[in-house]
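Structure first, commentary second.
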C-alpha cells in the first residue's frame with residue numbers, strides 16, 4: 001500500500017517537473033505599437049495545450065477562446081499589469097495576441113495605514 005502511494009507521488013512529481021519545463025518555454029514577443037495600443041504575442045509550447053482546461057476552448061472553432069486575465073495567468077503566462085487577451089488566430093491556437101493602451105501606467109497601490117504612520 002505504501003509503495004502505491006510512493007509511486008503515485010513520484011508520478012505526480014515527474015508530471016509537475018515536466019509542466020515546469022514546458023512553462024519555461026513560453027515565448028514572449030517584443031512589443032510593437034500603433035497610435036492607440038502596445039501589442040505583443042505569446043507563443044505557448046504546443047505541449048502545454050493539453051494542460052489547458054477544456055472550458056478555455058471554443059467548441060465551435062477548436063481554438064482557445066478569449067481568456068480573462070485570471071485565466072491566462074493560471075496557465076502560466078506572466079506579464080505586467082494592463083495586458084488583455086484580445087484576439088484568436090484559429091490556425092495557430094498556441095499563439096495568443098495581447099494588447100494594452102499605449103503609454104499604460106499601472107494603478108498605484110493604496111498605502112496601508114501601518115505604512116502611513118512611519
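The values are calculated or read from the model by the stated rules, or taken from the named source; none is laboratory data. All values derive from a computational prediction rather than experimental measurement. We place every Cβ from the backbone using ideal geometry, glycine too, and count neighbours over all the protein chains shown.
A few points about this structure:
- Unmet requirement for residue 19, which otherwise passes all of (1) in contact with a strand residue (DSSP E or B) (Cβ under 6 Å, 6 or more places away or on another chain); (2) assigned to a helix (DSSP H, G or I): (1)
- Index of the failed condition, residue 79 passing every other in (1) touching a strand residue (DSSP E or B) at 6+ places or on another chain (Cβ under 8 Å); (2) without any contact (Cβ under 8 Å) to a residue 40 or more places away in the chain; (3) surrounded by 13 or more Cβ atoms within 10 Å (Cβ to Cβ): (2)
- Residues of the stretch 1-48 classified as surrounded by 11 or more Cβ atoms within 10 Å (Cβ to Cβ) and modelled with pLDDT under 90, total: 3
- Matching residues, the stretch 63-73, being touching a helix residue (DSSP H, G or I) at 6+ places or on another chain (Cβ under 9 Å) and surrounded by fewer than 16 Cβ atoms within 10 Å (Cβ to Cβ): 65
- Here is the figure for the stretch 50-73: residues that are part of a helix (DSSP H, G or I), more than 12 Å from residue 96 (Cα to Cα) and in contact with a strand residue (DSSP E or B) (Cβ under 9 Å, 6 or more places away or on another chain) total 3.
- Residue 93 being surrounded by 12 or more Cβ atoms within 10 Å (Cβ to Cβ) and either within 30 Å of residue 51 (Cα to Cα) or modelled with pLDDT of 85 or more (or both): yes
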